[in-house]
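Notes to accompany the following structure.
The values are calculated or read from the model by the stated rules, or taken from the named source; none is laboratory data. All figures in this text were calculated on a predicted structure; none of them were measured in a lab. Every residue, glycine as well, gets a Cβ built from its backbone with ideal geometry; the counts of neighbours run over all protein chains shown. Remember, those area values only see protein heavy atoms, side chains included, never the ligands or the DNA or RNA. Shrake-Rupley method; radii C 1.70, N 1.55, O 1.52, S 1.80 Å.
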Amino acid sequence: MGIAPDCKGLLKTIYHENEKGELHGCSQADIAQGIFDALDNNADIINISGGERLNHDDHIMPILLNALEQCERRGVLVVAATGNEGDEHMHVPASYPTVLAVGSMDSKNRPSGFSNWTTNQVKHGILVAGENIIGAMPSVYPNQNAALEGTSFSTALLSGICLLYTSPSPRDATLSR
């Protein structure tokens, strides 16, 4: 099932749990390695349902910059979540100008209260449904679905749509996350 059911996918985990089972954020180096792995596997679209929050004086690391520049040279679309803190702090890679930044919108087509959305991202981004998204949560609700929310879900939805739109045949496309 899903938006692009006949497409191949490559999953690369960039988040890790600590000993308490809490999710640790990923680093720019983790994101870059995921991008390089996707490029090595000939991805057409790279979905990054995450990112690293940048403070005002922070900069993108050279390794991530290199990975994003390689995507641009190869014509690979990078779709990335803007973040879920509900403020205007920049996240990378969503803040990078060649990345399609994806925020969450509510039922009235406004940015969701939790969705990061900045003037910069408006220039190269889009809002996509990100509230009450039905998805599987096997560790919490075995054999059931749950209503979920977040820019990660918005990003995954848009990545699937982009894949269908840009692929000559959905069977020949590769979606990487």
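Tallying residues that are open to solvent by 10 Å² or more (accessible area, probe 1.4 Å) and of a type in the set (Val, Ile, Thr) within the range 66-82 yields 1.
Evaluate the range 108-129: report whether one residue or more is at pLDDT 95 or above, closer than 27 Å to residue 40 by Cβ and in contact with a helix residue (DSSP H, G or I) (Cβ under 9 Å, 6 or more places away or on another chain). No: the range 108-129 contains no residue that is at pLDDT 95 or above, closer than 27 Å to residue 40 by Cβ and in contact with a helix residue (DSSP H, G or I) (Cβ under 9 Å, 6 or more places away or on another chain). Just one of (1) open to solvent by 60 Å² or more (accessible area, probe 1.4 Å); (2) at pLDDT 95 or above; (3) not basic (Lys, Arg) fails for residue 136. It is (2).
Rundown of residues vs (1) in contact (Cβ under 8 Å) with a residue 12 or more places away in the chain; (2) of a type in the set (A, V, I, L, M, F, W, C); (3) in a helix (DSSP H, G or I), yes/no style:
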{"position": "31", "(1), (2), (3)": "yes, yes, yes"}
{"position": "35", "(1), (2), (3)": "yes, yes, yes"}
{"position": "42", "(1), (2), (3)": "yes, no, no"}
{"position": "47", "(1), (2), (3)": "yes, no, no"}
{"position": "70", "(1), (2), (3)": "yes, no, yes"}
{"position": "80", "(1), (2), (3)": "yes, yes, no"}
{"position": "87", "(1), (2), (3)": "yes, no, no"}
{"position": "96", "(1), (2), (3)": "yes, no, no"}
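Could we say that residue 2 is within 22 Å of residue 129 (Cα to Cα), outside any strand (DSSP E or B) and out of contact with any Leu (no Cβ under 8 Å at 6 or more places or on another chain) here?
Numbers: within 22 Å of residue 129 (Cα to Cα): yes; outside any strand (DSSP E or B): yes; out of contact with any Leu (no Cβ under 8 Å at 6 or more places or on another chain): yes.
It is true that residue 2 is within 22 Å of residue 129 (Cα to Cα), outside any strand (DSSP E or B) and out of contact with any Leu (no Cβ under 8 Å at 6 or more places or on another chain).
Residues of the range 13-25 include at least one that is touching a helix residue (DSSP H, G or I) at 6+ places or on another chain (Cβ under 7 Å) and either crowded, with 16+ Cβ neighbours inside 10 Å or closer than 17 Å to residue 153 by Cβ (or both).
For the range 49-65, filtering for residues that are open to solvent by less than 70 Å² (accessible area, probe 1.4 Å), touching a strand residue (DSSP E or B) at 6+ places or on another chain (Cβ under 8 Å) and not in a loop (DSSP other than H, G, I, E, B) leaves 3. Scanning for something at pLDDT 95 or above, among the small types (Gly, Ala, Ser) and under 14 Å from the mean Cα position of the chain (by Cα), does the range 82-89 turn up at least one residue? No; the residues of the range 82-89 include none that is at pLDDT 95 or above, among the small types (Gly, Ala, Ser) and under 14 Å from the mean Cα position of the chain (by Cα). For the range 7-25, the tally of residues that are free of Cβ contacts under 8 Å to residues at least 60 places away in the same chain and over 19 Å from residue 104 (Cβ atoms) stands at 10.
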